[in-house]
Amino acid sequence: MSQSADEPSGLTRRRFLGAAAGAGLSAAGLYELVDRFGAVPRRNLAAAAWPREQHVLLGQQVVTDEGIEVIVPPLHHRVVTAKVRVEGSRSSLLAAKAELEEALAALERQHEPSPRGLGVTVAWGLPYFRRYVAGPARAHLPIDDRASKAKGRRVLALLDAIRYPSDPAHTILDENDVAVLLRSDEREHVVAGAHAIFRRLAHLFEVTSVRSGFAGGGFSGGRGLPKEMALAARIPGAERIPDGAELFLGFTSTQRAAMGPSRIANLETLGYTSRNAYFRGGTQMHLSHMHEDLEAWYGRYDHDQRVATAFRPGIDVAPGTLTVSERRKDAYSADLIVSQYRHTGVIGHSAAIQTASRLAHDVRGADGTLYPRGTAVPQRADFNTLDNPFAWSSQPHHDGMGDGPAAGVHFVTFQPTSDDFDRVRLAMDGVLPDGTRLYFEPRDRGQGFNSVLRTTHRQNFLVPPRPHRSFPLVELLR
Amino acid sequence: MATGRVWAASALVVLLAAGCGGARQVADRAEPAAWGVSRVAAVQAVSREVTAANPIMENPKYAPAESEYGVEVGCRRRSARRYLCSWRAVNTYSVLSGRAGVRFVHARPRVELRQTSCRRHVGPGEDSALVRCAASGFESARSAPASTPVSRIEQSVKSSLERNLMTSQPRTEKGSAWSTHVRRVRCVMSSGHEFRCDVTFMNGSRRQVTARVRPDGVVAVG
């Protein structure tokens, strides 16, 4: 790339924003630039068959960066949320179920189950279960035994999203019936997937938001995709994103040791849930959107401070390092986090999260796999975005749609239960699993990331296994 | 001339009063805050001050955040530029703790430390542990030592002398005027780390010794 930061790729801001107009399902807009800036990763493994788990995407490339194994995520991402617009009768719902399943199966026939093809994950929110299948849901929604024991009452694996201590008071807790995550290295595949489900089946769904973005693209040299995109969008602070960064905030987040192995996020694998027969092979998905203030991140923190707050205080890494080792054996305990906080006033984002996101002891999973102590549980599928906050919204005022692009992240993570996500997210705010609460003031600089993130929307979903992905539990209605 | 003496005496009284209270204002050690005006900057300023006031904490083994040792600080914001903090300094010998006020002036933190307790952590012997704890505490207030640590220095001198003398001059006669036992010790600080002590023995004899507080907190009697 030879363009300067001032003249990114020959695009004017007007042309750039013009490209972003016409949002909606088929919106390409500024994300067409992803194909221009981001080299499509070379995928060696062609996945053979679709797994039972919808959330597991096979055939992801693993590269080595600074001696650390890093998973290269699919280049293009899109999440479409919707309300179901089917009347509540059993016959109507069964017909809708058949139609959606046929559409999904057709997509599977057209695309291989890997980033080269198309990953489709259909997830359902509590409003759907309450409104359409309340009876079967009462009998079949998995129970989170661990949370039930901790709280002294029955807790479901799928819970309404909450606002966390560092969230703004105006964070919107969404109430969508369904969310579909589409992932591919090919933008056309993502667009085709969105069309096949939400345009051809428009009589079944009322789309509420379209959320688009990109991930990776920083491993093939040059400035890297996030920086190119942010520069093109004239995002304040974009010029300070390090060359080769995987994400806007600079550090590599998809290293293999920090990502949950294939089936660990399943509802049943770690034994967190019971009454999970119907949803065996499924998981829980958290979806949120956060604005990222790149100017504050790169302007208020020097590299050492960014490392200290992103990973842990006192860590020794060479200047400019973007991929910092987070090995299984280095998982942090709550005691250590408290000690670090009291010595330095800083909480390391990654280290704090690990108190809740890593296994505290060896676990033999329901799938027979031994997951050693320190293994990461969450399977993240987050991606950077220039949506503000969405590419398209059915309620622009309610969703706070802004003019022009804005740096952010659509955070998608798969974890066994909503409570498991709560534990991890609370640890990020200094509320540790052992009950310790570390004091932070609003926008506290000692929280690093948290001080430059502003969450706009949150919702939890249940991801059924592939056989039940279409209108789950409908067949059990009487 | 007389007025000048009154002012000097008044200043001395004020200084001593501040010293006895265990509080002192630190103005010159403040560095530009890399963390801006923030809780983190306040924490780190207090940590720096406690370390500077207790040289034993400068030992690198007390520095790592992962260590059980070191200076721990918790701060809460009281107003836009003021933080109220509590701190604890743990070394091999002692656990010192106290409070601190941090005020940011032109983005520079000004720290006011107050030590409120000093207790034994671990040590090879009961006496020495107490003394080392006191010694560490002493160094936190070089300019105005509190009265209690002096008495502990005196206790250390007494114990040390008696141990040495009992070995070199064993008692031979019951009821004799013991030259091996100390009746009284009075110490006065002669410099930042040294104390001049007058020792009176049970037999009425007197001796002057110097007690020196080493950087590791140990009191050496010479």
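Anything in the range B:42-51 that is more than 19 Å from the chain's Cα centre (by Cα) and more than 8 Å from chain A (Cβ to nearest Cβ)? List them, or say none.
Matches in the range B:42-51: B:A45 only.
Consider B:E31 carefully, then state whether it is at the interface with another protein chain (Cβ under 8 Å from one of its Cβ atoms) and modelled with pLDDT under 85.
Taking the combined requirement at face value, the residue does not satisfy it.
Mind checking which residues of the range A:425-437 are buried (at least 22 other Cβ atoms within 10 Å of the Cβ) and among the hydrophobic types (A, V, I, L, M, F, W, C)?
Across the range A:425-437, the qualifying residues are A:A427, A:M428, A:L432.
I'm trying to understand the selection: among the residues of the range B:71-91, which are among the aliphatic types (A, V, I, L, M) and either within 21 Å of B:R39 (Cβ to Cβ) or at the interface with chain A (Cβ under 10 Å from one of its Cβ atoms) (or both)?
B:V71, B:V73, B:A80, B:L84, B:A89
Residue-by-condition table, conditions (1) assigned to a loop (DSSP other than H, G, I, E, B); (2) more than 28 Å from A:S333 (Cβ to Cβ):
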| residue | (1), (2) |
| --- | --- |
| B:E68 | yes, no |
| B:C75 | no, no |
| B:C85 | no, no |
| B:R88 | no, no |
| B:T92 | yes, no |
| B:C118 | no, yes |
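Take the residues in the range A:423-478 that are more than 18 Å from the chain's Cα centre (by Cα) and hydroxyl-bearing (S, T, Y); name whichever of them is farthest from the other protein chains (Cβ to nearest Cβ).
This residue is A:S470.
Counting just the residues of the range A:208-239 that are touching a Leu at 6+ places or on another chain (Cβ under 7 Å) and not small (G, A, S), which one comes out nearest to A:L33 (Cα to Cα)?
Among those that are touching a Leu at 6+ places or on another chain (Cβ under 7 Å) and not small (G, A, S), it is A:M229.
So, in the range A:104-129, exactly how many residues are part of a helix (DSSP H, G or I) and either among the basic types (K, R) or farther than 29 Å from A:L173 by Cα (or both)?
Residues flagged as part of a helix (DSSP H, G or I) and either among the basic types (K, R) or farther than 29 Å from A:L173 by Cα (or both) within the range A:104-129 amount to 6.
Residue by residue, here is whether (1) of a type in the set (A, V, I, L, M); (2) in contact with a His (Cβ under 8 Å, 6 or more places away or on another chain); (3) more than 30 Å from B:A34 (Cα to Cα); (4) outside any strand (DSSP E or B) holds:
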site	(1), (2), (3), (4)
A:V424	yes, no, no, yes
A:G435	no, no, yes, yes
A:Y439	no, no, no, yes
A:S470	no, no, yes, yes
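Evaluate the following for A:F279: is it farther than 30 Å from A:V474 by Cβ and either touching a residue at least 60 places away in the same chain (Cβ under 8 Å) or surrounded by fewer than 23 Cβ atoms within 10 Å (Cβ to Cβ) (or both)?
no
Being part of a loop (DSSP other than H, G, I, E, B) and over 25 Å from B:M57 (Cα atoms) is the filter here; which residues of the range A:344-361 pass it?
Scanning the range A:344-361 gives A:L359, A:A360, A:H361.
If I go through the range A:319-347 residue by residue, how many of them are within 14 Å of another protein chain (Cβ to nearest Cβ), β-branched (V, I, T) and out of contact with any Pro (no Cβ under 7 Å at 6 or more places or on another chain)?
3
What are the residues in the range A:410-422 that are among the polar types (S, T, N, Q) and either within 12 Å of chain B (Cβ to nearest Cβ) or part of a helix (DSSP H, G or I) (or both), if any?
The one that is among the polar types (S, T, N, Q) and either within 12 Å of chain B (Cβ to nearest Cβ) or part of a helix (DSSP H, G or I) (or both): A:S418.
Starting from residues that are within 11 Å of another protein chain (Cβ to nearest Cβ) and either part of a strand (DSSP E or B) or crowded, with 19+ Cβ neighbours inside 10 Å (or both), keep the ones in the range B:52-65 and report whichever is nearest to the chain's Cα centre (by Cα).
Here the answer is B:Y62.
Could you tell me whether B:E68 is over 13 Å from A:T344 (Cβ atoms), modelled with pLDDT under 90, facing chain A (nearest Cβ under 10 Å) and surrounded by fewer than 21 Cβ atoms within 10 Å (Cβ to Cβ)?
yes
Of all residues in the range A:306-343, which are surrounded by fewer than 23 Cβ atoms within 10 Å (Cβ to Cβ), outside any loop (DSSP other than H, G, I, E, B) and touching a residue at least 60 places away in the same chain (Cβ under 8 Å)?
Correct list: A:R306, A:A310, A:R328, A:A334, A:V338.
Need the failing condition index for A:R52 against (1) assigned to a loop (DSSP other than H, G, I, E, B); (2) buried (at least 18 other Cβ atoms within 10 Å of the Cβ), just the number.
That leaves (2) as the condition not met.
If you check B:R108, B:R120, which single one turns out to be surrounded by fewer than 19 Cβ atoms within 10 Å (Cβ to Cβ), over 12 Å from the mean Cα position of the chain (by Cα) and modelled with pLDDT of 85 or more?
B:R108
Can you find a residue in the range A:358-380 that is more than 11 Å from every other protein chain (Cβ to nearest Cβ), within 25 Å of B:R77 (Cβ to Cβ) and surrounded by 17 or more Cβ atoms within 10 Å (Cβ to Cβ)?
Among the residues of the range A:358-380, not one is more than 11 Å from every other protein chain (Cβ to nearest Cβ), within 25 Å of B:R77 (Cβ to Cβ) and surrounded by 17 or more Cβ atoms within 10 Å (Cβ to Cβ), which makes the answer no.
When you go through (1) in a loop (DSSP other than H, G, I, E, B); (2) without any contact (Cβ under 8 Å) to a residue 24 or more places away in the chain one by one for A:L158, which number turns out not to apply?
(2)
Tell me, yes or no, whether the range A:53-71 has at least one residue that is farther than 28 Å from A:T252 by Cβ and modelled with pLDDT of 90 or more.
No; the residues of the range A:53-71 include none that is farther than 28 Å from A:T252 by Cβ and modelled with pLDDT of 90 or more.
The values are calculated or read from the model by the stated rules, or taken from the named source; none is laboratory data. Worth saying up front: this structure is predicted, and the values here are computed from it rather than measured. Positions of Cβ are backbone-derived with ideal geometry, glycine not excepted, and every protein chain shown enters the neighbour counts.
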